[in-house]
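Read through the structure below, which is laid out as structure tokens, and then see the notes.
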Amino acid sequence: MVSLPWRRHAPAPAPSPVGGGALRAVLAEIRAARGGGVSLTEVAQRVGVSREEAEAMVEYWVQRGALATTDLGRGCASGGCGGCPSAARDGGPGCGTDGPSGPVLVAITVRPRS
Amino acid sequence: MALQDRAAGLRRATRATMLEKPCCDPVEDAGDVAVRGEVPRVALVGNPNVGKSTLFNALTGARQHVGNWPGKTVHVARGTWRPEPTAYTDGLTLIDLPGTYSLVPRSPDEELTRDLLVDHGLDGRPEVVVVTVDAANLARNLYFLSQVLDTGVPVVVALTMVDVARARGLKVSAESLADALGTPVVAVLPHQGQGLDDLAEAVCAMLADPRPPRPADLGSALEEETAALTSLVAVGLGERYAPRWLALALLCGEPVPTVPEGLREQAREAGRRLLPADPESAAPESAAPDSTATDSPDRPADLGELPEDDPETLVAEARYAWAHRVLAAAVDRRAADRPTLTDRVDRVLTSRWLGIPVFLAVMWGVFTATTTLAVPLQDGLQALLDGPVNRAATAVLEAVHAPGWLSGLVLNGLVGGVGQLLTFVPLMAIMFVLLALLEDSGYMARAAFVVDRVMRLIGLPGRAFLPLIVGFGCNVPALAGTRILAHRGHRLLVGMLIPYVTCSARLTVYVLLASVFFGSRAGTAVFAMYVLSILLVIGIGRLLRRVLFRDLADEPLVLELPPYRRPTARVVGMQSWQKLNAFLRTAGGVIVATVAAVWLLSAIPLGGGQGGFGKVPLEHSVFGGTARTIAPAFEPAGFGDWHSSASLITGFVAKEAVVSTMAQTYEVQQPGDNHHAGSLGTALRSTFERTSHGHTVPAVLAFMVFLLAYTPCMATLAAQRAEIGTRLTMLGTGIQLAVAWLLAVTVYQIGALLW
């Protein structure tokens with residue numbers, strides 16, 4: 001497990017006797033990731049699951065509304081080009097961010113608690 | 001052992017429930033079903049994108065049709081599957097249900113799958129369900145499978161994407177998986193037709209001897225409550241719903257129709273028993289799932305303080321723990337767990353200490369390569385514009401006896417202004433290609449990763465880096481991009497910082513000045529502007545956060561880094577072209593309009609006695625007079641000349657217009673001049689030497705710094721106003737002008753002491 005001293009970590013929840021605690025531990029790790037430069041692979045290592053399991057758990061929390069994932073490939077607002085001053089007359093992007101994209105960075109963020 | 005007994009009891013109970021059904025008894029011999037003329041129904045279910053429809057097509061061929069499911073607006077494909085040899089002379093009806101992540105439905109598609117598997121009694125359910133499971137993403141697929149196992153419908157697992165998993169270093173054993181699941185598992189490669197006969201054999205065997213699947217073991221505490229609830233719901237509701245599924249659904253608080261309130265309350269009570277009485281009593285420990293299941297006590301001791309501490313989370317947690325155990329039994333991860341090339345490279349590129357230096361070195365390389373490679377191309381274009389193009393335009397204007405004002409507009413304005421900008425096309429193209437190469441290789445994602453870390457260290461919100469990075473291309477979409485920030489305070493703060501991100505339009509001015517004044521170090525000078533831009537964002541950001549946004553909380557953020565890959569010509573070419581095209585379209589429109597406006601204002605005399613319209617010397621026109629009025633403000637910065645201030649005025653409209661205004665005010669394209677490449681450079685050198693009293697380098701640097709820090713363009717102001725409001729936009733503009741002037745003066749005054 002990689003120890004990253006510059007990150008501020010909230011303690012991960014203790015394992016649940018019912019289910020093991022990994023699911024909530026993933027959520028807790030993401031909520032604690034305020035130090036910047038934290039990858040999902042690190043989260044998986046800290047929780048003790050494979051990266052694929054961590055991805056699946058993130059998907060679960062996204063469906064539950066606790067997390068949100070954002071494709072950072074382009075950076076435009078989710079509303080598209082409609083409200084953007086750079087939009088072309090046909091409603092398409094006028095800023096050059098159209099077209100195929102390379103490998104995409106995905107940000108996993110915490111949704112505000114209701 | 002107790003768990004095994006409970007599972008066996010459940011199997012018996014489920015079978016008994018099925019035997020109670022009046023017709024279409026799935027426990028009957030398959031031959032009987034065939035003799036009766038009934039066509040068994042086999043449902044194909046699975047997560048989206050696991051190869052389910054490919055498998056469906058491979059199994060049914062052309063014998064299929066797609067239509068809405070009765071009573072639903074969900075498209076479902078149905079076809080006839082004729083496995084051979086088989087007792088089913090009419091084949092089997094294969095139903096391709098929509099891709100589903102969970103039997104807790106969140107869309108009409110998922111609702112249909114849920115209903116078909118758990119609702120409408122056994123008559124309405126398929127005889128067998130084939131769960132398509134992606135071997136490369138087993139964890140997520142097993143979660144769904146665990147829910148299907150709760151339905152009691154006999155299950156056969158079709159294991160797809162085994163080749164993809166193998167390529168990722170994952171060896172998935174179908175035999176071990178079958179043992180762990182207690183359910184037949186068949187590896188299939190539908191594209192190649194592999195495993196289809198085995199799948200048919202497994203499904204026919206299941207039809208002939210239907211066995212309810214072994215449910216996922218959710219741990220003793222949960223199993224106990226589930227078993228109790230299952231026995232309760234089986235009475236009365238077992239006719240309609242799959243009992244174990246219904247018990248777990250009620251435990252999770254799902255709104256299942258027709259369930260009496262008393263039963264709901266009993267489920268809620270069961271859920272409360274599973275939740276901890278005192279969440280704070282337990283000490284935090286490691287959360288590895290290996291520490292679970294077998295040695296866990298019967299009652300949970302700690303569920304933390306998360307709001308998601310509800311029975312639904314407990315059940316999901318137990319399903320993932322079960323999936324973890326199945327994975328451990330069936331998947332050999334040794335090759336996958338070895339560090340990949342991406343891992344090894346990332347150790348350097350995203351390291352805490354080397355990440356930022358490497359990023360800066362890469363960007364320095366980009367700008368140096370850009371300026372070095374572009375020089376011969378720019379010179380060639382400049383010579384073409386100054387020579388043949390200018391001569392041709394002059395000849396045409398003379399041939400049509402164009403009036404003097406029209407010649408001035410065309411030659412000074414369009415050929416001079418637009419032409420100057422065109423010389424930057426090779427430069428922009430090279431830079432866009434280099435940046436696209438970095439992006440397509442996956443490096444830019446790493447750059448964002450290390451920049452994010454720096455931003456957090458200085459107290460800026462994590463996701464802020466994204467719109468800021470977009471701002472290096474153009475500030476306007478970057479401002480629109482602030483909408484991805486969840487908190488209003490973050491949006492306002494980042495919206496005020498984006499103008500300090502140096503956009504590609506400013507690059508043209510940097511390159512022009514750097515190539516004129518810094519020669520072989522032009523790339524370094526341009527790079528320094530980018531570094532300064534980042535430092536300004538950090539510095540102003542910290543300042544604003546302390547003064548205006550003191551209450552901002554940091555936002556958690558985890559980034560999912562994509563693997564590196566070899567850049568493809570298509571993606572690089574398309575991305576570069578899109579950006580270059582957008583730059584040219586924007587710049588073209590802005591420059592033509594600005595050139596026309598500058599020309600008009602330059603033709604109007606300032607006061608009397610200066611000649612008529614179009615006959616006034618530029619310096620004494622309305623435009624020149626305005627620039628001369630502003631110029632003294634820049635004397636402390638070493639560039640107090642009207643030419644410089646004139647270009648800064650049009651730069652307020654758009655930075656793309658700065659170079660064209662320089663060309664216009666110096667009249668470098670005026671007929672009768674000795675046109676040659678670099679005539680604008682000569683004029684600029686002369687001006688800066690004069691205004692700086694010999695301290696040319698600091699004066700040029702001060703001009704570049706001012707250009708970097710003051711208001712980017714009118715479009716940015718409009719976008720800023722839309723995103724952060726009029727008051728903050730005006731405040732931000734004032735701060736930009738003050739910061740730009742102070743920095744320029746500081747750079748010049750300190751620089752003059754050194755150079």
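In table form, for the structure just shown:
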item: Members of the range B:75-103 found to be surrounded by fewer than 17 Cβ atoms within 10 Å (Cβ to Cβ), at pLDDT below 75 and touching a helix residue (DSSP H, G or I) at 6+ places or on another chain (Cβ under 8 Å), listed by number; result: B:Ala87
item: Subset of the range A:36-66 [more than 7 Å from every other protein chain (Cβ to nearest Cβ), at pLDDT below 90 and either outside any helix (DSSP H, G or I) or open to solvent by less than 20 Å² (accessible area, probe 1.4 Å) (or both)]; result: A:Gly65
item: Test: B:Thr687 is of a type in the set (Ser, Thr, Tyr) and at pLDDT 90 or above; result: yes
item: Failed condition for B:Arg352, given (1) assigned to a helix (DSSP H, G or I); (2) at pLDDT below 90; (3) more than 18 Å from B:Ser441 (Cα to Cα); (4) among the charged types (D, E, K, R); result: (1)
item: In the range B:345-387, the residues that are β-branched (Val, Ile, Thr) and under 22 Å from B:Met529 (Cβ atoms); result: B:Ile356, B:Val358, B:Val362, B:Val366, B:Thr368, B:Thr370, B:Thr371, B:Thr372, B:Val375
item: Residue in the range B:610-625 that is at pLDDT 85 or above, charged (D, E, K, R) and either on the phi > 0 side of the Ramachandran plot or assigned by TED's automatic domain parsing to the domain that holds B:Val705 (or both) present; result: no
item: Some residue of the range B:738-753 being open to solvent by less than 20 Å² (accessible area, probe 1.4 Å) and over 39 Å from the mean Cα position of the chain (by Cα); result: yes
item: B:Ala277 vs. criteria within 11 Å of chain A (Cβ to nearest Cβ) and at pLDDT below 90; result: no
item: In the range B:298-335, residue nearest to the other protein chains (Cβ to nearest Cβ) [restricted to those that are under 26 Å from B:Leu181 (Cβ atoms) and modelled with pLDDT under 50]; result: B:Pro300
item: Extreme residue, nearest to the chain's Cα centre (by Cα), among residues of the range B:104-114 that are buried (at least 19 other Cβ atoms within 10 Å of the Cβ) and away from chain A (no Cβ under 12 Å); result: B:Asp109
item: Flag if B:Ala683 is open to solvent by less than 30 Å² (accessible area, probe 1.4 Å), closer than 19 Å to B:Gln382 by Cβ and assigned by TED's automatic domain parsing to the domain that holds B:Thr586; result: yes
item: B:Trp364 vs. criteria modelled with pLDDT of 85 or more and either part of a helix (DSSP H, G or I) or open to solvent by 70 Å² or more (accessible area, probe 1.4 Å) (or both); result: yes
item: Which numbered condition B:Leu177 fails, given (1) touching a Lys or Arg at 6+ places or on another chain (Cβ under 9 Å); (2) open to solvent by less than 40 Å² (accessible area, probe 1.4 Å); (3) in contact (Cβ under 8 Å) with a residue 60 or more places away in the chain; result: (1)
item: Lone qualifier among B:Glu723, B:Glu689 - being touching a Gly at 6+ places or on another chain (Cβ under 6 Å), more than 16 Å from B:Ile540 (Cβ to Cβ) and among the charged types (D, E, K, R); result: B:Glu723
item: Condition met for B:Leu122 (under 37 Å from the mean Cα position of the chain (by Cα) and either open to solvent by less than 30 Å² (accessible area, probe 1.4 Å) or at pLDDT below 90 (or both)); result: no
item: Failed criterion for B:Glu667 (all others in (1) open to solvent by 40 Å² or more (accessible area, probe 1.4 Å); (2) out of contact with any Asp or Glu (no Cβ under 9 Å at 6 or more places or on another chain) hold); result: (2)
item: Test for B:Ala633: is it farther than 23 Å from B:Val418 by Cβ and out of contact with any helix residue (DSSP H, G or I) (no Cβ under 9 Å at 6 or more places or on another chain); result: no
item: Residue in the range B:201-213 that is within 26 Å of B:Arg338 (Cβ to Cβ) and either part of a helix (DSSP H, G or I) or open to solvent by 10 Å² or more (accessible area, probe 1.4 Å) (or both) present; result: no
item: Cβ pairs under 6 Å, 6+ apart, first in the range B:526-544 and open to solvent by 20 Å² or more (accessible area, probe 1.4 Å) and modelled with pLDDT of 90 or more, second among the small types (Gly, Ala, Ser) and in a helix (DSSP H, G or I); result: none
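Per-residue answers, yes or no, for (1) at negative phi; (2) at pLDDT below 95; (3) open to solvent by less than 10 Å² (accessible area, probe 1.4 Å):
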site: B:Ala136; (1), (2), (3): yes, yes, yes
site: B:Ala139; (1), (2), (3): yes, yes, yes
site: B:Leu145; (1), (2), (3): yes, no, yes
site: B:Leu149; (1), (2), (3): yes, no, yes
site: B:Val153; (1), (2), (3): yes, yes, yes
site: B:Ala158; (1), (2), (3): yes, no, yes
site: B:Val164; (1), (2), (3): yes, yes, no
site: B:Ala167; (1), (2), (3): yes, yes, no
site: B:Ser173; (1), (2), (3): yes, yes, no
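The values are calculated or read from the model by the stated rules, or taken from the named source; none is laboratory data. Bear in mind that the values here come from a model prediction, so they are computed numbers and not experimental data. Positions of Cβ are generated from backbone atoms using ideal geometry, with glycine treated the same way; all protein chains shown enter the neighbour counts. To get the accessible areas, we keep the full protein, side chains included, count just its heavy atoms, and leave off ligands, DNA and RNA. Shrake-Rupley method; radii C 1.70, N 1.55, O 1.52, S 1.80 Å.
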